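The values are calculated or read from the model by the stated rules, or taken from the named source; none is laboratory data. Note that the structure is predicted; figures quoted are calculated from it, not measured. Cβ: placed from backbone, ideal geometry, glycine included. Neighbour counts: every protein chain shown. Quick note on the areas: whole protein, heavy atoms, side chains included, nothing else; ligands and nucleic acids left out. Shrake-Rupley method; radii C 1.70, N 1.55, O 1.52, S 1.80 Å.
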Amino acid sequence: MRLTPLVLMSLLATACGPGETGPAGPAGPQGPQGETGATLNKTYVCTGTANNGTANVALIHTVYTFSDGSVTATCNVADGALWVTGINMWRGGQPEAAGAQCILAADIDSTKNGGIWTMETNTQRTSSSATYRNTGSPLDGRVFALTCTAS
């Protein structure tokens, strides 16, 4: 009966079960510092007006530049009955980031053909321009100058 010792050992091992959990080991070394998010460098607010033949329309181009070269640009076209906003975000290195390009759709005259505005700053961000595109409108292709201030 050589099986008796094996059966006995098997029963003892099953009856005892696992032991208590031991104490936690020491903490491992500190990992490397993770990347931090981009921080805001400067904000530029560029303003000007466009006259639609009957009234002035406010043009506002706001540019947020970040430490990683990315840019967020908002653009607004507003008058007494209209306020339209566009928002564009560009990663650093994208061609549109250099000019902080912002595009929005807003008709400002009686030609209701889906007027499109494109606002862009110069590389020094001292001025900006707003170009209006609207087929059939007397203002189609007009470029309006905006003046920028930095904070």
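With a ≥ b ≥ c the root eigenvalues of the C-alpha gyration tensor of the chain, is it rounded (a/c under 1.5), prolate (a/b larger than b/c) or oblate? Prolate shape, in that a/c is at least 1.5 and a/b is the bigger ratio.
What number, rounded to the nearest 500 deg cm²/dmol, is the helix-based mean residue ellipticity at 222 nm of the chain, given -39500 (n - 2.57) per DSSP H run of at least four residues and division by all its residues?
Roughly -3500 deg cm²/dmol at 222 nm, from the helical runs in the chain.
The string of couplings for region 65-74 from the Karplus curve (6.51, -1.76, 1.60, θ = phi - 60°) is 9, 10, 4, 8, x, 6, 9, 10, 10, 10 Hz, one whole number per residue in order, with x for Gly and Pro. Expressed as a whole percent, the accessible surface of the chain that belongs to carbon and sulfur atoms is 57, based on a 1.4 Å probe. Placing unit charges on each Cβ (+1 for Lys and Arg, -1 for Asp and Glu) gives the chain a dipole about its Cα centre, and among 56, 150, 30 the Cα reaching farthest toward its positive end belongs to 30.
For region 84-149, the list of trypsin sites (Lys or Arg not before Pro) that fall in a loop by DSSP and count at most 16 other C-beta atoms within 10 angstrom reads 91, 112, 142.
Sorting 140, 107 by accessible area (1.4 Å probe), largest first, what list results?
Ranking 140, 107 by accessible area, largest first, yields 140, 107.
The charge dipole of region 21-151, taken about the Cα centre with unit charges on the Cβ atoms of Lys, Arg (+1) and Asp, Glu (-1), comes to about 100 debye, rounded to the nearest 20.
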